[in-house]
Amino acid sequence: ADRPDRRGWAFGLGLERLAMILFEIPDIRLFWTDDERFHSQFKEGQITKFKPYSKFPPVYKDIAFWIPEDFVENDFFEMARGVAGDIVERMELIDEFTNPKKGKTSKCYRITYRSMDRSLTNEEIDALQDSLREKVEVDLGVEVR
């Protein structure tokens, strides 16, 4: 530093570089992230290939509906992925209750949408959500709330 009469070179193969090769991690900066999506991929004593995840923000949308007696949750999950494709990152049941007067059960799901290569807009996700609402009513016989 500030010594123009001297030149220095740093050589070394750090453990991070070896881990990058072994686990196929593309960026050394990932080792210092607090993101649980990175850390949860690795278990002590196991060598697993790194699975990339999006650096773009998620869009969360909820959908609630009254279910018929023959409702199959997996059919709903498949339908949502059929409508929105790979941008559906996660689907989780966040609320369920049965109305004692009506004897009907309602379920509310939170859908996490996220693209691997771009930021999603509310407008495009709203359009997908509207398509999903229409499709579940027709194909699964639910009553969207």
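The values are calculated or read from the model by the stated rules, or taken from the named source; none is laboratory data. Quantities reported herein were computed from a predicted structural model and do not represent experimental measurements. So basically every Cβ, Gly included, is an ideal-geometry build from the backbone, and we count neighbours across all protein chains shown. Side chains included, ligands, DNA and RNA excluded: accessible areas come from the protein's heavy atoms. Shrake-Rupley method; radii C 1.70, N 1.55, O 1.52, S 1.80 Å.
Numerical summary
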item	result
Residue within segment 31-45 that is assigned to a loop (DSSP other than H, G, I, E, B), within 30 Å of L120 (Cα to Cα), at pLDDT 90 or above and open to solvent by 100 Å² or more (accessible area, probe 1.4 Å) present	no
Residues (in contact with a strand residue (DSSP E or B) (Cβ under 8 Å, 6 or more places away or on another chain) and not aromatic (F, W, Y)) located in segment 104-120	K104, T105, S106, K107, C108, R110, I111, T112, R114, L120
Residue that is touching a strand residue (DSSP E or B) at 6+ places or on another chain (Cβ under 6 Å), in contact (Cβ under 8 Å) with a residue 12 or more places away in the chain and either of a type in the set (G, A, S) or within 30 Å of L22 (Cβ to Cβ) (or both), where the choices are E96, E89	E89
Where K55 falls short, out of the listed (1) free of Cβ contacts under 8 Å to residues at least 40 places away in the same chain; (2) in a loop (DSSP other than H, G, I, E, B); (3) surrounded by 14 or more Cβ atoms within 10 Å (Cβ to Cβ)	(3)
Residues of segment 110-137 satisfying the condition of being assigned to a helix (DSSP H, G or I) and closer than 15 Å to S54 by Cβ	I125
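Quick grid of which residues meet (1) at pLDDT 85 or above; (2) surrounded by 15 or more Cβ atoms within 10 Å (Cβ to Cβ):
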{"site": "E16", "(1), (2)": "no, no"}
{"site": "I28", "(1), (2)": "no, no"}
{"site": "K61", "(1), (2)": "yes, yes"}
{"site": "N99", "(1), (2)": "yes, no"}
